[in-house]
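Before any comments, here is the structure.
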Amino acid sequence: MGAYELIDQGGSRKSNGVRVYAVVWALLIFLTAVTVTAAELEIGKFTVVVCLAIASTKSTLVFFYFMHLRREERLVIKLAIPIALAALAVFIGLTFTDVITR
């Protein structure tokens, strides 16, 4: 069995292949450069929105390809995404309440 192969419950092998990982890695590097460029642009309040959108895209790529969630059961994904978004909302909400009370 190769280093990049997964075995599902039925015993069949599924392989992402090195090429898929290389393409995703190159895309993550490109998006990092786009994030740095967007942070330096003077677009006002939209800078944070653009950078968070790019970060969300990058995290989705990592979740689906490097953490192998693309081949997980749909129930796991349907549970993981809302829980992660709820945790993010709590963190952002607590940060804003701290900033408002100062």
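Bear in mind that the values in this text are calculations on the coordinates, not laboratory data. Computed from a predicted structure; not experimentally measured. Note that each Cβ is placed from the backbone with ideal geometry, even for glycine, and that neighbours are counted across all protein chains shown.
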*With θ set to phi - 60°, apply the Karplus curve 6.51 cos²θ - 1.76 cosθ + 1.60 along region 44-56 and write out the HN-Hα couplings as whole Hz, x wherever there is a Gly or Pro.*
x, 5, 6, 4, 5, 5, 5, 5, 5, 5, 5, 5, 5
*In nanometres, what is the gap between the two model label sites at residue 86 and residue 57, each 7 Å from Cα along Cα-to-Cβ?*
2.9
*Compute the distance in nm between two label points, each set 7 Å from the Cα along the Cα-to-Cβ direction, one at residue 27 and one at residue 49.*
2.4
